[in-house]
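So the structure is just underneath, and the comments pick up after that.
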Amino acid sequence: MGRLLLRLLFVVALPVVLVAVWWAASAGSTDPFWPPLRTILDTFPEVWTADRLRTDVVPSILRLLAGYATAALVGVALGTVIGSYRTVRAVCEPVLEFLRAVPPPVLVPVIMLFAGIGDGMKIVVIASGCVWPILLNTVEGVRAVDSVMLETARSYGVTGLARLRHLVLRSASPQIFAGLRQALSIGIILMVISEMFAANNGIGFTVVQFQRSFAIPDMWTGILVLGLLGFLLSVVFQLVERRVLGWYHGLRATTRRS
């Protein structure tokens, strides 16, 4: 119980300190672009009503999840194939390095030409940025599968989908989840950027509209919403990761104790 309270204290301490510093630093501010934190918090419930959450936050989350899920499926599937076959990896690696170096926001105008300006464009933008950390981490995870375990599985007749599911993907799953974690933060960034182009709803669209109309406290509330959304998604991701990789964390804990 004491360790749990101490851990909770460490988790809460830094955010509390940062909020206190922000509150104190902005308390006497007369700068219209840097309003006091108290003003922002007072404005928050007036701006983010249930209706606005339904019309702006929910569509953003749905687009983020669609793009993220697409990137996860494509990244894991291609990464498994590329990591499993040396010839495929040698052929694809130069192209992958070239495409990875292109910043996804630069592709937004190009994607708009082919995907239009609807939700499809935003989902493609999110997926195009999220896929790279998932793909590259999957490749490295598959490449790192123990060759002795592969030979043992082959000797016992474990082949095909059973070998892929129970050995290759399971062994590579820590690396895959590392890529998924990186992709989640990239996805939130691209969600906001994609909604700044030819959108009529979404958190990014709303923040830009507040900025253009000089509703600065309202704009800051949108930034807070993005921070809270990122925090909640991170917590959910950690819960899923601990559930799926329970065997891995248990193995590490046993190794540290021995």
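The values are calculated or read from the model by the stated rules, or taken from the named source; none is laboratory data. This is a predicted model, so every value here is computed, not measured. Positions of Cβ are generated from backbone atoms using ideal geometry, with glycine treated the same way; all protein chains shown enter the neighbour counts. We work out accessible area using only protein heavy atoms, side chains counted, and drop any ligands, DNA or RNA first. Shrake-Rupley method; radii C 1.70, N 1.55, O 1.52, S 1.80 Å.
Can you give me the % of accessible surface on the chain that is carbon or sulfur? Probe 1.4 Å, all protein chains present, nothing else counted. Each step should come with its number before you reach the end.
Values: 10750 of 15630 Å².
Here carbon and sulfur together make up 69 percent of the probe-accessible area.
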Fill in the blank from the handout: Distance in nm between LEU18 and VAL236 label points, each 7 Å along Cα→Cβ, equals 2.0 nm
Problem - Inter-label distance, nm, simple model (7 Å from Cα along the C-beta direction), ARG100/SER84 - result: 2.1 nm
Handout entry: Solvent-accessible heavy-atom area per residue, rounded to whole Å², over the chain at 1.4 Å
Key = 61 Å²
Handout entry: Principal axis dimensions, largest first and in whole angstrom, of the chain by Cα
Key = 73, 58, 30
Completion exercise
The helix 169-194 Cα axis meets the longest alpha-carbon principal axis of the chain at an angle in degrees, between 0 and 90 and rounded to 10, of 30 degrees
Fill in the blank from the handout: In order over the range 149-159: 3J(HN,Hα) from phi, Karplus 6.51/-1.76/1.60, θ = phi - 60°, whole Hz, x for each Gly or Pro, gives 5, 5, 5, 5, 4, 5, 5, 8, x, 8, 9
Problem - Per-residue HN-Hα couplings for the range 31-44 [Karplus 6.51, -1.76, 1.60; θ = phi - 60°; Hz; x = Gly/Pro] - result: 6, x, 8, 10, x, x, 4, 4, 5, 5, 5, 5, 6, 3
Exercise for the section: Work out how much length ARG38 to PHE214 would gain on full extension: take 0.36 nm times their residue separation and subtract the Cα-Cα distance, in nm to one decimal. Expected result: 61.5 nm
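Can you figure out the FRET efficiency of MET196 with SER155, using R₀ = 41 Å and their beta-carbon distance, to the nearest 0.05? Could the numbers behind the result be given before it?
Details: r = 56 Å, r/R0 = 1.36.
The computed FRET efficiency comes out at 0.15.
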